[in-house]
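A.B. asks: Here you go, one structure.
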Amino acid sequence: MNPRNKVYRVCFVCLGNICRSPMCESIFTHLLKEENISTIEAFSMGTSAEELGNPVYRGTREVLRKHGIKVVDHYADVLMPSDYEDYDLFVCMDEGNVRACNRILGKDDKTVKLTYFTGSSRDVADPWYTGNFDVTFDDCYKGCKALLEFIKESI
């Protein structure tokens, strides 16, 4: 178990919190349910307030449904300095998110890029700009599977 002897809490982070991070939150929650794991929880937030309160973007909902994954009940939220103590790990989608997350939290010891867990250093492309939700889904799914294995081995 983690140092606080509580549920291990992961926060996925992207810019607006309507595409990539809720996609990961939904995928990770799905994987946890598949494995009947209740000692790990997934959440997501953005580094920008521009989408605050908005629901998960249509393209994200569609690609998750296509893969049989339930979209989490989610409205965009913004990462705050006070969130640092509430989560065990902040998993970012790209280098810009990592920098913004560290700037907001004031620390970097719990911040990592999702692709780190798959042995890659590249970013997860933002489908808001690329329009390619399938490629983003593949990166998020692979990253979430690898992240879950990492956490299971670590706690």
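A.B. asks: R65 fails exactly one of the following numbered conditions: (1) in contact (Cβ under 8 Å) with a residue 60 or more places away in the chain; (2) surrounded by fewer than 23 Cβ atoms within 10 Å (Cβ to Cβ); (3) of a type in the set (K, R). What is the number of that condition?
C.D. replies: Every listed condition holds for R65 apart from (1).
A.B. asks: Here is a follow-up. So is D138 among the acidic types (D, E), over 24 Å from N54 (Cβ atoms), in a helix (DSSP H, G or I) and at pLDDT 95 or above or not? Let's see the steps before the verdict.
C.D. replies: Details: among the acidic types (D, E): yes; over 24 Å from N54 (Cβ atoms): yes; in a helix (DSSP H, G or I): yes; at pLDDT 95 or above: yes.
Yes: the conditions hold for D138.
A.B. asks: When you scan the stretch 121-135, do you find a residue that is modelled with pLDDT of 95 or more and touching a strand residue (DSSP E or B) at 6+ places or on another chain (Cβ under 6 Å), even just one?
C.D. replies: Within the stretch 121-135, not a single residue is modelled with pLDDT of 95 or more and touching a strand residue (DSSP E or B) at 6+ places or on another chain (Cβ under 6 Å).
A.B. asks: If D73 satisfies every condition in (1) over 16 Å from the mean Cα position of the chain (by Cα); (2) within 22 Å of R9 (Cβ to Cβ); (3) not aliphatic (A, V, I, L, M) but one, which is the exception?
C.D. replies: Here D73 meets the rest and fails (1).
A.B. asks: Continuing with this model, one more query. Working only within the stretch 87-135, note down all residues that are in a loop (DSSP other than H, G, I, E, B), more than 25 Å from L64 (Cβ to Cβ) and basic (K, R).
C.D. replies: Passing the criteria: K107, K110.
A.B. asks: Could you check E51 against (1) of a type outside the set (A, V, I, L, M); (2) part of a loop (DSSP other than H, G, I, E, B); (3) within 14 Å of the chain's Cα centre (by Cα) and say which number it fails?
C.D. replies: All conditions are met except number (3).
Conditions (1) touching a residue at least 24 places away in the same chain (Cβ under 8 Å); (2) of a type in the set (V, I, T); (3) more than 18 Å from E25 (Cβ to Cβ), marked per residue:
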{"site": "C92", "(1), (2), (3)": "yes, no, no"}
{"site": "G96", "(1), (2), (3)": "yes, no, yes"}
{"site": "N102", "(1), (2), (3)": "no, no, yes"}
{"site": "G106", "(1), (2), (3)": "yes, no, yes"}
{"site": "T115", "(1), (2), (3)": "yes, yes, no"}
{"site": "D126", "(1), (2), (3)": "yes, no, no"}
{"site": "F133", "(1), (2), (3)": "yes, no, no"}
{"site": "F137", "(1), (2), (3)": "yes, no, no"}
{"site": "L147", "(1), (2), (3)": "yes, no, no"}
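A.B. asks: Select from the stretch 44-70 the residues that are within 13 Å of I27 (Cβ to Cβ), touching a strand residue (DSSP E or B) at 6+ places or on another chain (Cβ under 9 Å) and hydrophobic (A, V, I, L, M, F, W, C) and list them in ascending order.
C.D. replies: The answer is V56, and nothing else.
The values are calculated or read from the model by the stated rules, or taken from the named source; none is laboratory data. Nothing here was measured: the structure is a model prediction, and the numbers come from that model. Reconstructed Cβ throughout: ideal geometry from the backbone, glycine too, with neighbour counts over all protein chains shown.
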